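Reviewing the structure listed below.
Derivation of every value follows stated rules applied to the coordinates shown; laboratory data play no part. Everything numeric in this text was worked out from a predicted model, so none of it was measured. Positions of Cβ are generated from backbone atoms using ideal geometry, with glycine treated the same way; all protein chains shown enter the neighbour counts.
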Amino acid sequence: MTGYLMLAAADGLIGCQFLFNSGFIRRTGDSFRNALCFNTLSYLAACVLLFIVNGFRFEFTLFTFLMSLWSAANGLVLTFCSAKALMKIDLSLYSVFMMLGGMAVPFAGGLLFFGEKLTLGKALCFAATAAALFLTVGKGEKKGGWYWYAGLFTLNGMNGIISKIFTDSSQPKASAAGYSLLTSIIILCVSAAALFITRRPRINGLKRSFYFAFGHGVCSSGANLLILKALVGLPASAQYPFITGGSMIVSTLIGFLTPQKPNRREVISVVVSFAGILALLLL
């Protein structure tokens with residue numbers, strides 16, 4: 001049960017990071033350079049938090065470094081795919097492919113490659129969460145870009161696989177916080193270098209909105225650390241459907257505090273997600 005409590009806390013942080021992300025975009029815009037600036041500031045905050053959490057220690061092993069490189073490369077390519085996808089597809093469909101991939105790939109990987117057993121609760125939770133995701137898809141005008149959909153689905157799902165490989169490995173490795181810190185440092189360096197190279201155009205409203213990026217970094221790194229720690233005791237095939245369903249519930253509830261209130265389908269999706277989580281916990 002401790003693992004699920006960690007995941008519930010992570011879902012709360014994930015919901016908050018959506019607010020910080022949207023707050024930054026509203027004040028600065030959604031250009032590629034703005035995204036680089038957001039990424040740089042966010043991972044700077046993440047590095048500071050993780051360094052403190054890790055007792056002001058920096059841990060290094062060759063295995064941890066290689067896994068951090070893989071995780072960082074996966075995250076950076078996902079960022080590129082996300083930018084391209086949003087030029088081709090609607091936001092609602094984009095969110096579905098991101099979240100469905102983040103759930104389905106680790107779910108399948110856990111069953112096929114990590115010896116996890118399929119239970120009725122896992123199956124019902126997966127099916128309910130998938131149904132809830134598709135309930136949120138709206139009718140849009142953008143067409144094409146299905147190769148970017150595939151990229152979003154696969155790369156976001158690979159985050160879970162990479163975390164599972166690191167957690168289960170018997171190789172000499174850093175702690176969860178040390179691994180997260182090293183990954184964040186790599187992404188920070190790449191993002192900062194890309195931001196320096198681009199230089200133009202100027203980012204408007206940065207002084208009034210940088211704290212949104214910092215808040216996102218704190219919430220994102222905190223959530224990822226809790227998810228990584230929970231993987232020690234929970235199977236991936238149970239953990240990631242719980243995360244996806246829980247983050248949908250939290251995000252929708254937070255939506256009631258914003259000007260754009262959740263619509264009827266989004267409220268129904270929350271009920272379906274909650275039913276799936278109950279099935280996972282009780283069956």
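Across the stretch 192-269, how large is the tail of the calculated P(r) beyond 19 Å, expressed as a percent of all Cα pairs? Counting every Cα pair in the stretch 192-269, those more than 19 Å apart make up 62 percent. Of all complete DSSP H helices in the chain, those with a Cα span along the helix axis of 15 Å or greater and a mean Kyte-Doolittle hydropathy of 1.0 or more are 32-53, 62-85, 91-113, 120-135, 176-198, 210-230, 264-282. Taking 0.36 nm per residue of sequence separation and removing the Cα-Cα distance, the Leu118/Ala73 pair yields an extension gain of 13.1 nm.
For Val232 and Gln260, the difference between the fully extended length at 0.36 nm per residue and the C-alpha to C-alpha distance is 6.3 nm. Per-residue packing, averaged as other Cβ atoms within 10 Å, sorts the ranges 8-17, 40-49, 236-245 into the order 236-245, 40-49, 8-17, beginning with the highest.
Rounded if a/c is under 1.5, else prolate if a/b is larger than b/c, else oblate: which is the stretch 1-137, with a ≥ b ≥ c the root eigenvalues of its Cα gyration tensor? Oblate, since a/c reaches 1.5 and b/c is not below a/b. Taking a ≥ b ≥ c as the square roots of the eigenvalues of the Cα gyration tensor, the stretch 227-283 is classed as oblate, since a/c reaches at least 1.5 and a/b does not exceed b/c. Potential lengthening of the chain between Cys189 and Ile25 amounts to 56.8 nm, from the contour at 0.36 nm per residue minus the alpha-carbon distance. Please state the shape class of the stretch 26-78: rounded when a/c is under 1.5, otherwise prolate if a/b exceeds b/c and oblate if not, all from the C-alpha gyration tensor. It comes out oblate by the Cα gyration axes. Helix content alone sets the calculated 222 nm mean residue ellipticity of the chain: runs of n ≥ 4 DSSP H residues at -39500 (n - 2.57) each, divided across all residues, give -27000 deg cm²/dmol. Measuring how big the stretch 137-237 is from its alpha-carbon positions, Rg and Dmax come out at 17.8, 50 Å. With labels modelled as points extended 7 Å from the Cα through the Cβ direction, what inter-label distance (nm, one decimal) is found for Ile268 paired with Tyr147? About 3.6 nm, to one decimal.
Extent along the principal axes, Cα only, for the chain: 53, 50, 34 Å, with the longest axis given first.
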